[in-house]
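See structure below.
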Amino acid sequence: MPEFPFERLRRWPDVEATNLFAVDASDRLILDEAAVWLAEAGPGEVVVLEDHYGALTLAAAAQLSGRPDVRVFQDALSGERALDHNAADLESTVAGLAGAYRHLPLDADLFAGARLVLMQLPRSLAALDELAGAIARFAASDVTVVAGGRVKHMSVAMNEVLRRHFGDLNVTPARQKSRVLIATRPNVSGGSPWPRTVEHPDLGLTVCAHGAAFAGTTIDIGTRYLLEFQGRMKPDASTAIDLGCGTGVLAAALARRRPGLQLLATDQSAAAVASASATMTANAVADRVQVLRDDALSAQPDASAELIMLNPPFHIGSSVHAGIALKLFEDAARVLRPGGELWTVWNTHLGYRPALTRIVGPTRQVGRNTKFTVTVSTRR
């Protein structure tokens, strides 16, 4: 079989830069360790979890005979779209890739009859617990899980999470600063159900979270600080957007504060969207808050929003990179109508104010503590 053209894979539409890569050594190691099981797998027996940009899915599909029917779950919508783009781009080189896989949500249909699961290990132990529990409950009883990652991002605690859900765990030797864990003999009784729910009496909010949701059922300190300013956010607005909503804390709090407001909460993470939906229901505001999985605000028309709230991430994977924040600022600027407001909380050392002024419009500081700055930008 010819060598798979990994070098052709791209991250697009995710942020691209010279220090950000679509493929790494852990992708290749997972595929090499899984080769014997891939050779024996039948149609519909392979599932791929948390493939970054398509390396695992497309290389595995290229090795499978007949109609592979690889089922795929990726938390990040940008990862799904990158996989689709890479499959289309490689179609002339590796025939049949575009129809070789299906995107599915994290549920029983994803795993039914699966005998081999390839997984990029998530950084979060909670995310790994939810994924491993789903495999153990829904996949075939003889399923083999080949899960890998970069050694610097792995911990012994990951072994313990997998042992909670599987009877056997083999820790393989490292190669090129990557390692693979192989789990077999699923234990269907391991772990607790998701999402988890915690009440925050000081804020009058209940937060629900799936494993991969940022901050889990806690409320991160940046969001807590931005909550202090909700009473000042464009009082005449009838609609608002929580951009990159996570578990939906900002949207739920604003909906409770202003009963006449209609809100949209968006995030590209499937776990975040499921968590935010549960949070809205738990806080009795689901009738006024639409939760949508979207890459930034790609589904929203130009000049349509009056108020946007944003607590932007400043990491892309393990790299501190401004690209994702700038992408969110640009989409917010496109979607805000003239005179609309973008309220942003950010780590003060990142110095986002010039970028916000350039991209969105006049920006003033409305709050600053020992770690965070809150600004309001008014669309020109």
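The values are calculated or read from the model by the stated rules, or taken from the named source; none is laboratory data. These figures come from a predicted structure and were not determined experimentally. Neighbour counts run over all protein chains shown; Cβ positions are idealised from the backbone, glycine included. All accessible areas refer to the heavy atoms of the entire protein, side chains included, with ligands and DNA or RNA removed. Shrake-Rupley method; radii C 1.70, N 1.55, O 1.52, S 1.80 Å.
Structure summary
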{"read-out": "Index of the failed condition, Ala276 passing every other in (1) out of contact with any Phe, Trp or Tyr (no Cβ under 6 Å at 6 or more places or on another chain); (2) over 30 Å from Phe138 (Cα atoms); (3) open to solvent by less than 10 Å² (accessible area, probe 1.4 Å); (4) of a type in the set (A, V, I, L, M)", "value": "(2)"}
{"read-out": "Single unsatisfied condition, Arg337 versus (1) modelled with pLDDT of 95 or more; (2) open to solvent by 60 Å² or more (accessible area, probe 1.4 Å); (3) assigned to a loop (DSSP other than H, G, I, E, B)", "value": "(3)"}
{"read-out": "Residues being of a type outside the set (Gly, Ala, Ser) and either surrounded by 18 or more Cβ atoms within 10 Å (Cβ to Cβ) or in a strand (DSSP E or B) (or both) - total across the range 177-224", "value": "23"}
{"read-out": "Only listed residue being within 21 Å of Phe4 (Cα to Cα), open to solvent by 40 Å² or more (accessible area, probe 1.4 Å) and at pLDDT 95 or above, chosen from Arg81, Arg115", "value": "Arg81"}
{"read-out": "Test: Gln176 is touching a residue at least 40 places away in the same chain (Cβ under 8 Å), on the phi > 0 side of the Ramachandran plot and not hydrophobic (A, V, I, L, M, F, W, C)", "value": "yes"}
{"read-out": "Leading residue by the ranking (modelled with the highest pLDDT) among those in the range 323-334 that are closer than 24 Å to Arg224 by Cβ and of a type in the set (Gly, Ala, Ser)", "value": "Ala332"}
{"read-out": "Selection within the range 340-380 - in a strand (DSSP E or B) and open to solvent by 70 Å² or more (accessible area, probe 1.4 Å)", "value": "Arg364, Gln365, Arg368"}
{"read-out": "Count - residues of the range 1-52 that are of a type in the set (Ser, Thr, Tyr), part of a helix (DSSP H, G or I) and surrounded by fewer than 19 Cβ atoms within 10 Å (Cβ to Cβ)", "value": "0"}
{"read-out": "Where Asp142 falls short, out of the listed (1) open to solvent by 30 Å² or more (accessible area, probe 1.4 Å); (2) over 15 Å from Ala183 (Cβ atoms)", "value": "(2)"}
{"read-out": "The range 299-315 - residue that is modelled with pLDDT under 95 and part of a loop (DSSP other than H, G, I, E, B) and, of those, surrounded by the most Cβ atoms within 10 Å (Cβ to Cβ)", "value": "Pro312"}
{"read-out": "Hits in the range 228-250 - residues which are outside any loop (DSSP other than H, G, I, E, B) and surrounded by fewer than 22 Cβ atoms within 10 Å (Cβ to Cβ)", "value": "Gln230, Gly231, Arg232, Thr239"}
{"read-out": "From the options Val48, Val36, residue that is under 21 Å from the mean Cα position of the chain (by Cα) and among the hydrophobic types (A, V, I, L, M, F, W, C)", "value": "Val48"}
{"read-out": "Long-range neighbours under 7 Å by Cβ, at least six apart or interchain, first residue closer than 15 Å to Phe229 by Cβ and part of a strand (DSSP E or B) within the range 251-264, second open to solvent by less than 10 Å² (accessible area, probe 1.4 Å) and of a type outside the set (Val, Ile, Thr)", "value": "none"}
{"read-out": "Filter pass, Ala147 being part of a helix (DSSP H, G or I), under 26 Å from Ala215 (Cα atoms) and in contact (Cβ under 8 Å) with a residue 60 or more places away in the chain", "value": "no"}
{"read-out": "Candidate set from the range 60-78 (those that are in contact with a Phe, Trp or Tyr (Cβ under 7 Å, 6 or more places away or on another chain) and assigned to a helix (DSSP H, G or I)); member that is most open to solvent (accessible area, probe 1.4 Å)", "value": "Ala62"}
{"read-out": "Contacts under 6 angstrom Cβ, first residue in the range 354-380 being farther than 24 Å from Ala237 by Cα, partner in a strand (DSSP E or B) and of a type outside the set (Gly, Ala, Ser), 6 or more apart", "value": "Phe372/Val345"}
{"read-out": "Some residue of the range 108-122 being outside any helix (DSSP H, G or I), in contact with a His (Cβ under 9 Å, 6 or more places away or on another chain), under 24 Å from Leu77 (Cβ atoms) and among the hydrophobic types (A, V, I, L, M, F, W, C)", "value": "yes"}
